[in-house]
Amino acid sequence: MHDQPSHSPPPEDVLEIGAPEQFAALAHPLRQRLLFALGQQPATISQLAARLDAKKGNVAHHLKVLREAGLVHVAETRQVRGGTEQYYQRTARHMVVAEPQAAGTAAMFAAVAQELDLSPTETHLTLRHLRLSPEKAKELGETLAGLVDDAEEGAEDQPVHGVLVTLYQQSRPNTGTTGSD
């Protein structure tokens, strides 16, 4: 068995998701799982297939889609038994939807729903509506982002936990009529 090579951190801290091919790439559950799996450290197709209980051919195909969408890249290659082993890595530590659109939002929530279903422990999910001034909403958003950004990573043998943070202003209900019926 070969030792895993050392890897550098992703080239970007934050990647804004906004291109149609990125939303399309996020629309498949296995691609979402691959992105989550690559959140901690780079991995080969074989390692990802074993970790996700998927076929290597499927993993290779979906990594190609993610790579073409700019969401993953080959971080390192290495010669092994006459072949070349590629280690894939996310292109950014954090991925955020630049301008939330229905397709991207649905893909992100589908990914979280799948992760919640697969979680071996009790999960925490809360939806709360608050009346906030624009200043208080901005302050809360900055506080939430800071909590996530400042969270200390544990050792590699510790379980991975997912965190989804969103703060949005609810649309106002349409209370008037817009024409004759």
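The values are calculated or read from the model by the stated rules, or taken from the named source; none is laboratory data. Here the structure is a predicted model, which means the values were calculated and not measured. Virtual Cβ from ideal backbone geometry, glycine too; neighbours counted across all protein chains shown. Only protein heavy atoms, including side chains, enter the accessible area calculation; ligands, DNA and RNA are left aside. Shrake-Rupley method; radii C 1.70, N 1.55, O 1.52, S 1.80 Å.
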**Request:** Please work out the Cα convex hull volume for the chain and give it in Å³ per residue.
**Result:** 178
**Message:** Quick check for you: with a 1.4 Å probe and neighbouring chains kept, what is the accessible area per residue of the chain, in Å²?
**Reply:** 73
**Fill in**
Out of 42, 29, 159, a Gaussian network model of the chain with alpha-carbon springs under 10 Å gives the largest mean-square fluctuation to 159
**Message:** At 1.4 Å probe size, with the rest of the protein present, what percent of the exposed accessible area of the chain is carbon and sulfur atoms?
**Reply:** 51
**Asked** What's the longest piece of the chain with no exposed GluC sites (Glu not before Pro), counting a site as exposed if DSSP puts it in a loop and it has at most 13 other beta carbons within 10 Å?
**Response** 1-121
**Low-density loop cleavage sites - trypsin sites (Lys or Arg not before Pro) in region 60-168, where at most 16 other Cβ are within 10 Å (DSSP)** = 81, 128, 131
**Prompt:** Say we join alpha carbon atoms closer than 10 Å with springs in a Gaussian network model of the chain; which of 166, 44, 77 then has the biggest fluctuation?
**Reply:** 166
**Cross-link partners of residue 64 among aspartates and glutamates (Cα-Cα below 16 Å; sequence separation of 8 or more within a chain)** = 21, 76, 85
